[in-house]
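Taking it in order: structure first as structure tokens, then the write-up.
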Amino acid sequence: MYAVTIITTETTITTTETSTCPRQIKIASLIIIKGVIAVEHLKTVVICDSHPVARYGLSQILERESDIKVVAEISNSFDLINALSTYKPSIVILDIDSACCDVDLILGYINSDGVDFSSKIIIYTSTTNDSTVEKAAKLGCNGYLLKRAEFSEIVKAINIVHNNGTVLDPDFATQLLKHLRATDNSKVEYDALSKREREVLSLIAAGASNRFIAKKLFIGECTVKFHVSSILAKLNVKNRTEAASIAIQGGILQP
């Protein structure tokens, strides 16, 4: 069964019809604005966790959100790759701490010729031990959350990451920075950042997208991209998440 909601300027009508659509397809609301029909944007999510109870609980909570649809609940990297290929989800929530999580296998798929990988990955784990942090740093993701996070924080993280922002648990940020420093002989050139670059970095660490940063600082989005590239180079990191962890540890943003 699925519900189609039609919103007009005067009233709301809800109809229910029988459907043979598979579970992974969710019908979005149809919104009529000045006679034009628009489909409400839907965030599709794949949950990869070796614990069935954890998968089920997270799925049930996310399904309460009208703009989030869990298209697959899986327990290992092989099924994850199949899900990525089949559904091309907006977001992947990955328990990287699981023994079933093969980072090399996942990276091999992402970097394969002909694969157009655009999904955002949120690491969702219970520990910050060396093995977990090493896997996370190797994979390079858009968000890092510990399983102590409230469900509302997970929903918020999905929205931020979906809008090209970054989410980083402070404790995970600490361990990630330690790992980066231990595996890189070069010194983090935090002091080399200009005042503007520090402003941009602070907003990156707060989870802001390039578009938001541009509006906040009254500069062009292309200028923001230039600053981001410069920041990554000066800090000798690979992505925004690693830069955000340095921002937190450097005191530019309080966790």
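Rounded to the nearest Å, what's the spacing between the alpha carbon centres of the stretch 81-110 and the stretch 200-233? Just the number, please. Cα centroid of the stretch 81-110 versus Cα centroid of the stretch 200-233: 28 Å apart.
The alpha carbons of the stretch 89-168 stretch over 37, 29, 17 Å along the principal axes, in descending order. Taking Lys and Arg as +1 and Asp and Glu as -1, the other residues whose beta-carbon sits under 15 Å from that of residue 146 total -3. With both labels modelled 7 Å from their Cα along Cα-to-Cβ, the residue 60 to residue 223 distance reads 5.0 nm.
Converting phi to 3J(HN,Hα) with the Karplus coefficients 6.51, -1.76 and 1.60 and the offset θ = phi - 60°, the stretch 121-136 yields 10, 10, 6, 10, 9, 9, 10, 10, 6, 4, 4, 5, 5, 4, 4, 4 Hz in sequence order, with x at every glycine or proline. A straight Cα-to-Cα reach below 16 Å connects residue 120 with the lysines 43, 69, 88, 138, 156, 238, residues fewer than 8 places away in its own chain not being considered. The relative contact order of the stretch 41-162, computed from alpha carbon pairs under 8 Å that lie at least 6 residues apart in sequence, is 24 percent.
We did not get these values from a lab; they are worked out from the coordinates using the rules stated. Owing to the predicted nature of the structure, the values given are computational and were not obtained by experimental measurement. Please note: Cβ atoms are built from the backbone with ideal geometry, for glycine as well, and neighbour counts cover all protein chains shown.
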